[in-house]
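Trainee: Sharing a structure here in structure tokens format.
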Amino acid sequence: MQTAAFRFLSVGVRAGRRANRACHGATGEYFGMGCRLFCGKDVFLQPVSGVPSSAWRIFIIRWIKVDEMQFMTKVAVGKPDFEIGPCEEMLFVGSCFADNMGRRFKEEKFRATVNPYGVMYNPASILHTVERCQAAPRVALLTLGTNHVYILNETGEIVDNCAKRPQRLFTERQLTVDECAGYLGRAVDVLAGRRADVKVVLTVSPIRYAKYGYHGSQLSKAVLLLAADKLVGERPGQVSYFPAYEIVNDELRDYRFYAKDMLHPSEQAVEYIWEVFSEAYFSAEAKRFIEEWRPIKEALGHKPFRPDSAEYKEFMDKTMLKVEALSKKYPNFVP
């Protein structure tokens with residue numbers, strides 16, 4: 001009989017010796033003697049002549065052929081018209097999602113400035129940070145969290161932080177699509193004035209705001225999505241959009257990808273978004289640098305039992321020689 005491929009949603013296997021020889025997985029490894037679970041894996045069943053199926057003692061709860069169904073909605077991420085090189089100078093401004101992504105970039109030795117004046121949730125506050133900081137990056141990632149702003153009644157100005165002052169001193173208001181696009185456009189102009197070849201990546205934070213109510217949170221995100229789309233359309237070649245919001249809400253639609261508060265993305269989700277972003281935006285040289293930097297990073301992060309030992313000192317000497325070699329190969333690399 002011909003081998004058949006199935007995708008198992010939930011499989012329990014209890015195999016005897018004959019079953020162990022008769023049934024093997026996609027990796028070629030035989031099923032163990034005990035009970036194993038395979039969820040969402042491609043498994044191959046190879047009937048063997050002379051071995052009755054009753055001898056396999058395999059209990060399949062549910063199976064679906066691989067080519068009949070897809071089990072996730074994959075978000076298409078288009079290839080931008082520019083690439084990010086190794087150790088690029090970058091700026092991250094926006095919600096706490098920008099903090100998470102920026103921290104990941106810094107780990108990989110990108111020269112990243114991340115929310116220098118704290119987390120900024122709305123487009124007006126993002127503009128304020130861009131105006132205040134003196135960064136002149138080639139790539140800036142602006143993460144939009146909400147269209148809600150707080151206006152200080154005394155001055156009529158939008159504040160970035162209420163600084164724990166009484167709520168009666170402020171008026172909450174929602175920015176329109178045009179207002180959001182306007183603030184973001186001014187932020188792009190400021191960055192372009194410092195560096196003409198700057199590339200700005202807009203993204204909408206996938207973090208929901210429970211205090212607005214979930215319907216209200218969706219309305220706020222919708223305004224931001226429309227504003228981002230408007231700006232991308234007005235400034236092709238300078239502004240692009242990365243679908244972090246869509247990846248979390250459509251591709252990773254499962255609470256296992258959320259933190260304990262069920263609102264923020266988990267570390268695993270942030271890592272997945274990082275991988276998707278790097279695949280789309282990084283140059284071949286940047287990807288190569290990260291592969292070369294990874295073992296050095298792990299070596300530098302090693303916690304020895306005996307830091308004063310000769311073996312550890314020799315280990316660190318060899319590691320530092322690798323760091324020096326990497327610095328010569330990549331001029332922008334700063335250990």
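Read-outs: derived from the displayed coordinates by stated rules, not from any lab. The structure displayed is predicted, hence computed values, not measured ones. Positions of Cβ are generated from backbone atoms using ideal geometry, with glycine treated the same way; all protein chains shown enter the neighbour counts.
Trainee: Which FRET efficiency value, to the nearest 0.05, do you get for TYR312 and MET72 by plugging their Cβ-Cβ distance into 1/(1 + (r/R0)^6) with R0 = 35 Å? Don't skip to the end; give the middle numbers.
Mentor: Details: r = 45 Å, r/R0 = 1.28.
Once the sixth-power term is evaluated, E becomes 0.20.
Trainee: Give me, ordered by chain and number, the residues 5 or more places off GLY94 or on other chains with an amide H under 5 Å from its own placed amide H.
Mentor: It is ASN115, MET120, THR143, by chain and number.
Trainee: Based on the mean of other Cβ atoms within 10 Å per residue, sort peptides 123-136, 205-218 so the most packed one is first.
Mentor: Details: 123-136: 19.9, 205-218: 16.2.
Put in order of decreasing packing, that is 123-136, 205-218.
Trainee: Then there's this: Cα to Cα, under 16 Å, and not fewer than 8 places away if on the same chain: which aspartates and glutamates meet these conditions relative to LYS211?
Mentor: Filter leaves GLU172, ASP261.
Trainee: With Cβ to Cβ distances under 11 Å as the rule, what net charge do the other residues near VAL276 carry (K, R +1; D, E -1)? Present the calculation step by step, with values, prior to reporting the outcome.
Mentor: Numbers: positive: LYS74; negative: GLU246, GLU251, GLU271, GLU275, GLU279.
The answer is -4.
Trainee: Between the DSSP loop rule and a limit of at most 10 other Cβ atoms within 10 Å, which GluC sites (Glu not before Pro) in the stretch 230-308 are left?
Mentor: On the way: sites: GLU234, GLU246, GLU251, GLU267, GLU271, GLU275, GLU279, GLU285, GLU291, GLU292, GLU298; in loops: none.
Taking the stretch 230-308 and a limit of 10 other Cβ atoms within 10 Å, no loop GluC sites (Glu not before Pro) are found.
Trainee: Straight distance only, please: which aspartates and glutamates reach the Cα of LYS221 with their own Cα at less than 15 Å, same-chain residues fewer than 8 apart left out?
Mentor: ASP178, GLU179, ASP229, GLU246, ASP250
Trainee: Give me, ordered by chain and number, the residues 5 or more places off HIS264 or on other chains with an amide H under 5 Å from its own placed amide H.
Mentor: Long-range HN contacts for HIS264: ALA259.
Trainee: Same structure again: Filter the trypsin sites (Lys or Arg not before Pro) in the stretch 239-289 to those in DSSP coil with at most 15 other Cβ atoms within 10 Å of their Cβ, and list the result. Could you put the intermediate results ahead of the total?
Mentor: Numbers: sites: ARG253, ARG256, LYS260, LYS287, ARG288; in loops: ARG253, LYS260.
Here the sparse-neighbourhood loop sites are ARG253, LYS260.
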